[in-house]
Each structure stands twice: as structure tokens, then as C-alpha cells.
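Asker: Pasting a structure here, questions to come.
Taken together, the values in this text are just the output of simple stated rules run on the coordinates, not laboratory data. Keep in mind that this is a model prediction, so the values were computed, not measured. Every residue, glycine as well, gets a Cβ built from its backbone with ideal geometry; the counts of neighbours run over all protein chains shown.
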Amino acid sequence: METQPSYSAFAGSRLLVTGDLKTMLTQTKEYLDQGGQEQVLIFDDDTGKQIDFDFRGSPQQVLNRALPLSPRKGPGRPKIGVVSGEVTLLPAHWEWLEKQPLKASGTIRRLIEAARKNEAPAAQSRMRIEAAGRFMWSMAGNLEGFEEASRALYSANWAKLAELTASWPEDVQQHVFRLVQRAKER
């Protein structure tokens, strides 16, 4: 089941917004335009990676730079978002692909989709825990008990994690557990 990507913006240790890209960008731009003084950090909730955006100009200019362009009309397959790339395979792989009725690119796309659908829940959960770990490193790496909390996160010791993060800023602690909850749901 595909979920819409989620992003979270923090002003210092205070959560400004969690939501889809457009919602997050709009509310973060509003905060900045109202004179927000604290440094803003934005995270991709699926990966835990910090992302930078250009907030210069009007809200619409910010959105235009960040949001994907609408599919162009015309030849090709823009509706499915085809992006050209390079794949290196052994001759035996190319021979097998040439025998497939859907041609190479169609067969490769279908194989990848099947693998994504059949990805083990444990692997998905591990990726979510790693996302929580990346977020923790960025937002709490200098906080008391971080190293022990990180060990508790990766060993799935949720009670110990709660105990070790109790003194952290509330929004940071809650966001860690929101990311952990996403891992447990998989």
C-alpha cells in the first residue's frame, strides 16, 4: 500500500508542520514570512533525511520550484513519469529480456514493482527505524542520552527509548515516536 510522502518542518526544536510537500512548504513559508527567527530544518519522514528548499520569493514561487512539474502533453509516456536512465546487465540478462513480450524496459518495470510489493515487512520496518535514527541524529545528536537512546531505537527497546528521551524537547520526542509508530505498523 503506497502512502503519500510526508515531510516535517521544525523551527529549532518546535514542530511547525507535518504533511504533504505542498502543505509543509506553504506553512513553513508563512512562518518565515512572519519573521520566524529560529533555524528551520525540514525532514523527509520516509527517509529521515534533511532536505533543503529555496524559500525566496512568493509562496507560489517556492511551490513552483519545489513541486514536480505537471506531465507534459505530447509523445512519450509522461503520464507514468518515465525517466531515462542506464542499466548495465550481463549478456545472458539481455538475452532473457529480449525474449520477453513486454520488451526490456516494460519487463524491468514490472519486476521492480513486483519486488516492491513483495518486500518483506521486516525490511520495510528496518527502513522506517533507520529514518527515525537519521532524524534523531540531526535533531537530538547533542542531547542528553542520545547514544543510549539510539541503541534503544535500533534494539526496539521502546520503554528504554521513552525513558531516555523524556528530557528531550517534547516535539522532538513525539516525532521520534511518530516515526517509530510508522515502523511498527508495517
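Asker: Going through the cross-link list 29/160; 29/49; 49/117; 117/160; 49/160, which pairs have a Cα-Cα distance over 26 Å in this structure?
Answerer: 29/160; 117/160
Asker: Here is a follow-up. Distance from the Cα centre of segment 144-164 to that of segment 6-65, in angstrom?
Answerer: 28 Å
Asker: Quick one: putting +1 on the C-beta of Lys and Arg, -1 on the C-beta of Asp and Glu, what dipole do you get for segment 7-66 around its Cα centre, in Debye to the nearest 20?
Answerer: Magnitude of the dipole: close to 140 debye.
Asker: Mind checking which of 122, 140, 114 has the largest fluctuation in a GNM of the chain, springs on alpha carbons under 10 Å?
Answerer: The residue that fluctuates most here is 114.
Asker: Could you give the dipole magnitude of segment 121-185 about its Cα centre, charging the beta-carbon of Lys and Arg +1 and that of Asp and Glu -1, in debye to the nearest 20? Please list the in-between numbers first.
Answerer: On the way: 8 positive and 8 negative charges, 73 e Å.
So the dipole magnitude of segment 121-185 works out to roughly 360 debye.
Asker: How high is the relative contact order of the chain, given as a whole-number percent (alpha carbon pairs under 8 Å, six or more residues apart)?
Answerer: 21 percent.
Asker: By the gyration tensor of its Cα atoms, with a ≥ b ≥ c the square roots of the eigenvalues, what is the shape of segment 121-185: rounded for a/c under 1.5, prolate for a/b over b/c, or oblate?
Answerer: Values: a/c = 1.72, a/b = 1.64, b/c = 1.05.
The shape class here is prolate.
Asker: With the dipole of the chain worked out from charges on the C-beta (+1 for Lys and Arg, -1 for Asp and Glu) around the Cα centre, which of 164, 129, 16 lies farthest toward the positive end?
Answerer: So the residue furthest toward the plus end is 129.
Asker: Only Lys, Arg, Asp and Glu count, each charged at its Cβ (+1, +1, -1, -1), so figure out the dipole size of the chain about its Cα centre, rounded to 20 debye.
Answerer: Dipole size: approximately 960 debye.
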